[in-house]
Amino acid sequence: RPPRSCPAPSWVSAPSSCGPMPKRRGPQCDVAAFDSILDGVRSIYMTKVRPLEEQSLVQHFHYPLLADCDFEARPMVLLVGQYSVGKTSFIRYLLESDFPGMHVGPEPTTDRFQAIMYGAATRELPGNALASNPDTPFYELSRCFGNAFLSKFSGCEVPSL
């Protein structure tokens with residue numbers, strides 16, 4: 001017996017009946033309403049993206065939700081390399097001075113992570129203090145990496161950045 005033929009769905013038809021391609025929609029927000037690109041990105045994230053992230057519980061299994069301090073944070077640079085290749089000397093050259101927590105020697109001296117930031121005065125900051133302050137971009141480090149990481153993490157503020 002021959003197989004029964006089923007009629008094709010309505011969306012499967014000759015190209016001539018499809019009509020023209022739909023036009024792309026313009027932006028859904030008034031670009032002129034924002035003072036800067038950063039304000040626009042923050043607003044779109046807080047009103048459109050963050051509610052979706054909260055609904056899908058993304059902060060519990062992937063990454064923490066962004067806060068206002070994440071948008072205001074300065075860019076960061078990570079220097080990684082073997083010992084005695086000049087990482088600390090490079091930072092000293094950029095700062096044009098020594099910085100708290102700096103160790104230079106012929107043997108491996110740096111077994112820590114150090115955040116160097118601008119501050120009104122030179123001072124050293126323990127990693128726990130940086131990770132517990134919600135106004136810093138390091139706020140979620142304790143939750144993500146635990147106390148073992150924080151014992152190897154410190155920061156300092158220097159006025160010459």
Legend entry - Candidates VAL49, VAL31, filtered to the one that is in contact with a helix residue (DSSP H, G or I) (Cβ under 9 Å, 6 or more places away or on another chain) and farther than 26 Å from GLY155 by Cβ: VAL31
Inset, instruction - Tell me, yes or no, whether the range 135-142 has at least one residue that is more than 15 Å from the chain's Cα centre (by Cα), open to solvent by less than 90 Å² (accessible area, probe 1.4 Å), of a type in the set (S, T, N, Q) and at pLDDT 85 or above. - result: no
Inset, instruction - Would you be able to say whether some residue in the range 96-117 is more than 30 Å from ILE37 (Cβ to Cβ), touching a residue at least 12 places away in the same chain (Cβ under 8 Å) and part of a strand (DSSP E or B)? - result: yes
Legend entry - Flag if VAL85 is assigned to a loop (DSSP other than H, G, I, E, B), open to solvent by less than 100 Å² (accessible area, probe 1.4 Å), farther than 30 Å from VAL49 by Cβ and touching a helix residue (DSSP H, G or I) at 6+ places or on another chain (Cβ under 8 Å): no
Inset, instruction - Report yes if TYR93 is open to solvent by 80 Å² or more (accessible area, probe 1.4 Å) and either part of a loop (DSSP other than H, G, I, E, B) or of a type in the set (S, T, N, Q) (or both), otherwise no. - result: no
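The values are calculated or read from the model by the stated rules, or taken from the named source; none is laboratory data. Given the structure is predicted, the values throughout are model-derived calculations rather than measurements. Neighbour counts are summed over all protein chains in view; Cβ atoms, including those assigned to glycine, are modelled from backbone coordinates with ideal geometry. Accessible surface is based on the protein model in full, side chains and every heavy atom, while ligands, DNA and RNA are left aside. Shrake-Rupley method; radii C 1.70, N 1.55, O 1.52, S 1.80 Å.
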